[in-house]
Every structure is written in C-alpha cells, then in structure tokens.
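I have placed the structure first, in the form of structure tokens, so that the comments after it can refer back to it.
All of the numbers you see were taken from the coordinates with simple rules; none came from a lab. Keep in mind that this is a model prediction, so the values were computed, not measured. All Cβ positions, even for glycine, are placed from backbone atoms using ideal geometry, and neighbour counts span all protein chains on display.
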Amino acid sequence: MIRTLTSSLSASHVFLCTTIAITLFSPNSFANPLMSKEQYADYSVRYQCAEILFHNDLQKKEAELIKIEDQYGLTDDNFDAFDELITEYERDDTLLDTVRERITKECSS
C-alpha cells in the first residue's frame, strides 16, 4: 500500500514538474504581442472610422468591422490576449493622442 502510494505520488510529482516546465518554457511564453503599437493604432483608426462612417447602416458597419478583425487576425481564440493588449496600450497617452488625431483626419464622412 505504501509502495503504491509512494510510486503514485512520485509519478504525480514528475507529471506536475514536467507540466510546469513545459508551460514556463514553451515558445508561446516568449511570443511577440498580438500586434505592435503601430498595428494597434492602425486597427483603432480603422475601427473608429467604420463606427463613424457606417453609424446609420448596421449591416455595413458590421461587415466592415468583421473585415477589419479578419485583417488583423482577431478571433474569439485570442480575444483575451487582445483585451490585455488594449489595456496596456491605452496607458500610452502619446499613442492615444496619435490615434485621436488620425481619426479626426482620416474619418471625415
């Protein structure tokens, strides 16, 4: 009984250590962010322009927003990562000012 318990605990310990090592050192741990600040600025401007230009036509707006999300590779699978990225990038006042300025210039209807 003790021998079985000991070998079971030992196997569990090895599995746990292996799982932790794989998680910590997987390539995804060191992956680049979903998009750079420049890409985020472009995405934000295009998204806001679609909101502004198609505010009266929900079908066109939805089609354009889906197109933009597809072009930037945004899916349900990476939504959480994108949400974290938004939180990080929105702390950058210079980036936000640039986006606002571009929206004013590029989204005239």
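Values computed for the structure shown
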{"read-out": "Cα-projected label distance for Asn78 with Lys37, points at 7 Å along beta-carbon direction, nm", "value": "2.0 nm"}
{"read-out": "Residue (of Phe79, Pro33, Ser44) at the positive-pole extreme of the stretch 33-109, dipole from beta-carbon charges", "value": "Ser44"}
{"read-out": "Full-stretch length increase - Asp70, Asp97 - with 0.36 nm per residue and alpha-carbon distance subtracted", "value": "7.2 nm"}
{"read-out": "Low-density loop positions, GluC sites (Glu not before Pro), the stretch 33-108 - DSSP coil, at most 13 other Cβ in 10 Å", "value": "Glu90"}
